[in-house]
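Take a look at the structure below.
Taken together, the values in this text are just the output of simple stated rules run on the coordinates, not laboratory data. This is a predicted model, so every value here is computed, not measured. Here Cβ is always computed from backbone atoms with ideal geometry, including for glycine, and neighbour counts include all displayed protein chains.
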Amino acid sequence: MSHGKPRVVILGGGFGGMYAALKFERALEQGAALDVTLVNQDNFFLFTPMLHEVVGL
Ligand SMILES: Cc1cc2nc3c(=O)[nH]c(=O)nc-3n(C[C@H](O)[C@H](O)[C@H](O)COP(=O)(O)OP(=O)(O)OC[C@H]3O[C@@H](n4cnc5c(N)ncnc54)[C@H](O)[C@@H]3O)c2cc1C
């Protein structure tokens, strides 16, 4: 049993994961004692709703 800070692991950095991470970031800024890790296979965020704009250029 761990006696450290609660650990949060977010699997996937898409819309769900990124917004979860942003919420936890806000909680950390407000003093929450958490250890948050975001795991994603890519080091970028793909904003899918804008992809059709790229095709239309
Ligand atoms: C072209 C397109 C346009 C869209 N337009 C809209 C729109 O206008 N409005 C709307 O509401 N929705 C839209 N959607 C749908 C929207 O993108 C999805 O509903 C949303 O991305 C789902 O979010 P999610 O977090 O569940 O999954 P995802 O956003 O798919 O995130 C999953 C993440 O997990 C990561 N991952 C997967 N497997 C692994 C692994 N084994 N190890 C590590 N990381 C992994 C991926 O890299 C990805 O970053 C669109 C989708 C597409 C494809």
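Couple of notes before you dig in:
- Long-range HN-HN contacts of residue 36 with modeled amide H, under 5 Å: 8
- The relative contact order of the chain, computed from alpha carbon pairs under 8 Å that lie at least 6 residues apart in sequence, is 43 percent.
- Helical content alone sets the calculated 222 nm signal of the chain at -10500 deg cm²/dmol, taking -39,500 (n - 2.57) per DSSP H segment of four or more residues and averaging over every residue.
- Proportion of all alpha-carbon pairs of the chain beyond 18 Å (%): 48 percent
- Considering only chymotrypsin sites (Phe, Trp or Tyr not before Pro) in DSSP loops that have at most 14 other Cβ atoms within 10 Å, the longest stretch of the chain without any of them is 1-43.
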